[in-house]
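The values are calculated or read from the model by the stated rules, or taken from the named source; none is laboratory data. The shown structure was predicted, so the numbers you read here are calculated from the model rather than taken from an experiment. Cβ: placed from backbone, ideal geometry, glycine included. Neighbour counts: every protein chain shown.
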Ligand SMILES: Cc1ncc(C[n+]2csc(CCOP(=O)(O)OP(=O)(O)O)c2C)c(N)n1
Ligand SMILES: [Mg+2]
């Protein structure tokens, strides 16, 4: 996802003089192609994230379209008041780009995990929140961020993820993407965890459970209609996110369903309300937290058993 | 130099490399940069007869293996457990130190946090007339963080003589030489102008480190600018930016062993 972002950004910078690329001392060698395409419009501000975001805001006030890049918590939490006041309150067209969304930085530990970024960014007025699923969607989301009028948070995973969405999938800002149709349960996903969600849907299918799969490449504005319709059809909803169960996709889904008066029960698969102190790779931590395909299947089956106890008796 | 610090530094260097080899992780140059500083601190400076040791805060948390290895050399951790548990699936030591792990005072990993915390502990100890000093180690790239200078300004203003900031001045940060990113030199006059007793020292010279670190400031906080070499001790890593990122593979074991053996010959 990371390389896809840099390719898309270099392309944008080549074609539009307003595009700037800023970094907080991260992205070794990755800015060189942009510097070539857009000489003088790349700047490493140093390890200084408040400055990173403030400088990006100033560039935006001066008519530029800056992309500010760092590790996800260091572009959302570390400079949060600059994000809130200089960017969001000003409705400035700054794109904040966080690499290592969720648990991508696995063994580097909780300072490097981004498990609250979606929640805190979603809570900010004016902020658009994008969490694409795969490299191809990162390219589309980067162009959507460029085209957006106001501030955007773009959450990236790591590098080298496979493409999961169909090749002809389009990216419409504010629209969920439906990947599968099934009547038994709705699996709702955001960001790079989609591969695990699709794998879970396959495992469920093998057990006779047909899942609808919805992917939210845009978490905010939230496409309430899509999940309300899917819940009406399936009667049960499981949200899956590489994020705290508080404030992110699970919350947005529950809010939308509750406000629509939908009766469907919701289970949130995500990081419980605790920092992840277990040590290990991303895959290890996902399995540990029940966020891999097996964990998603287990939560889903437990929900369905609760819902329709008679069914399991058959 | 103290024989103890020299011997512990060699032991710690080995543990750093063994852990990096076992886990296949990065930030090796950053850790080797501070092995000598930490060896001197833990052998000769932090211990206090009949009292709790002085405090140490590792702000540049990405050098975690240097801290774990030093704690192992000091008997607080077990070297074998460090190598086995560091960044392993289901292990007990993450890539950055977390408060709560024995011997670890602060959670590191997000740069720029240590100096303010150090002002807090130094204030508490001064208030309690505990005679206890606080040492905080930051990277020279980390000095880019505004929060570091907020703490420097406050400590200077408060005249916190029991606070010592050690700058690991290896001249390199994430994307290049510190001089090319945000040049903060000359550092000594900057720190002095904030009311600090600023000292400069060779960062791998144990005697010089011991005397610069050993003497508290009277009514001014002390800044020790340690001129270090990133990757110190392993020739092919020294001053090489990419050893911030690269990891060791099993195939690297022989050349690491050769370098360590050559060091033993010298020591
Ligand atoms: C707040 C924050 N921003 C960025 C990073 C990513 N990062 C980790 S180490 C590093 C470079 C550190 O340079 P320096 O302080 O000189 O330490 P050295 O590696 O030279 O020991 C960067 C940018 C981080 N860990 N925390
Ligand atoms: Mg440095």
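Assorted remarks:
- From A:26, A:22, residue being surrounded by fewer than 22 Cβ atoms within 10 Å (Cβ to Cβ), within 14 Å of another protein chain (Cβ to nearest Cβ), outside any helix (DSSP H, G or I) and modelled with pLDDT of 95 or more: A:26
- Residue in the stretch B:56-72 that is touching a helix residue (DSSP H, G or I) at 6+ places or on another chain (Cβ under 7 Å), within 12 Å of ligand 1 (Cβ to nearest atom), at the interface with chain A (Cβ under 9 Å from one of its Cβ atoms) and under 21 Å from residue B:10 (Cα atoms) present: yes
- Criterion applied to A:110, A:39, A:73 was being part of a loop (DSSP other than H, G, I, E, B), out of contact with any helix residue (DSSP H, G or I) (no Cβ under 6 Å at 6 or more places or on another chain) and within 30 Å of residue A:245 (Cβ to Cβ), and the one residue passing it is A:110.
- Members of the stretch A:1-12 that are within 22 Å of residue A:74 (Cβ to Cβ) and free of Cβ contacts under 8 Å to residues at least 40 places away in the same chain: A:6
- Within the stretch B:118-134, the set of residues being crowded, with 18+ Cβ neighbours inside 10 Å and part of a loop (DSSP other than H, G, I, E, B) comprises B:132, B:133.
- Long-range neighbours under 8 Å by Cβ, at least six apart or interchain, first residue touching a residue at least 40 places away in the same chain (Cβ under 8 Å) and at the interface with another protein chain (Cβ under 7 Å from one of its Cβ atoms) within the stretch A:104-116, second in a helix (DSSP H, G or I) and surrounded by fewer than 24 Cβ atoms within 10 Å (Cβ to Cβ): A:107/B:23
- In the stretch A:262-298, the residues that are farther than 28 Å from residue B:64 by Cβ and out of contact with any helix residue (DSSP H, G or I) (no Cβ under 9 Å at 6 or more places or on another chain): A:298
- Qualifying residue in the stretch A:243-250 (condition: part of a strand (DSSP E or B), within 30 Å of residue A:108 (Cα to Cα) and touching a strand residue (DSSP E or B) at 6+ places or on another chain (Cβ under 6 Å)): yes
- Filtering the stretch A:251-284 to residues that are within 14 Å of chain B (Cβ to nearest Cβ) and in a helix (DSSP H, G or I) leaves A:282, A:283, A:284.
- Residue A:178 being surrounded by fewer than 23 Cβ atoms within 10 Å (Cβ to Cβ), modelled with pLDDT of 95 or more and over 20 Å from residue A:249 (Cα atoms): no
- Residue selected from the stretch B:243-257 under the condition surrounded by fewer than 10 Cβ atoms within 10 Å (Cβ to Cβ) and more than 23 Å from residue A:27 (Cα to Cα), by the criterion farthest from the other protein chains (Cβ to nearest Cβ): B:254
- Within the stretch B:154-169, tally of residues that are more than 14 Å from every other protein chain (Cβ to nearest Cβ) and either within 16 Å of ligand 2 (Cβ to nearest atom) or within 13 Å of residue B:29 (Cα to Cα) (or both): 3
- Scope the stretch B:80-112; condition buried (at least 19 other Cβ atoms within 10 Å of the Cβ) and more than 9 Å from chain A (Cβ to nearest Cβ); matching residues: B:82, B:83, B:101, B:104, B:105, B:106
- Qualifying position, being in contact with a strand residue (DSSP E or B) (Cβ under 7 Å, 6 or more places away or on another chain) and at negative phi, among B:120, B:91, B:95, B:114: B:114
- Of all residues in the stretch B:174-189 being closer than 19 Å to residue B:200 by Cβ and within 11 Å of chain A (Cβ to nearest Cβ), the one that is nearest to ligand 2 (Cβ to nearest atom): B:178
- When residue B:51 is tested against (1) surrounded by fewer than 24 Cβ atoms within 10 Å (Cβ to Cβ); (2) more than 14 Å from chain A (Cβ to nearest Cβ); (3) within 16 Å of ligand 2 (Cβ to nearest atom), just one condition goes unmet, and that condition is (3).
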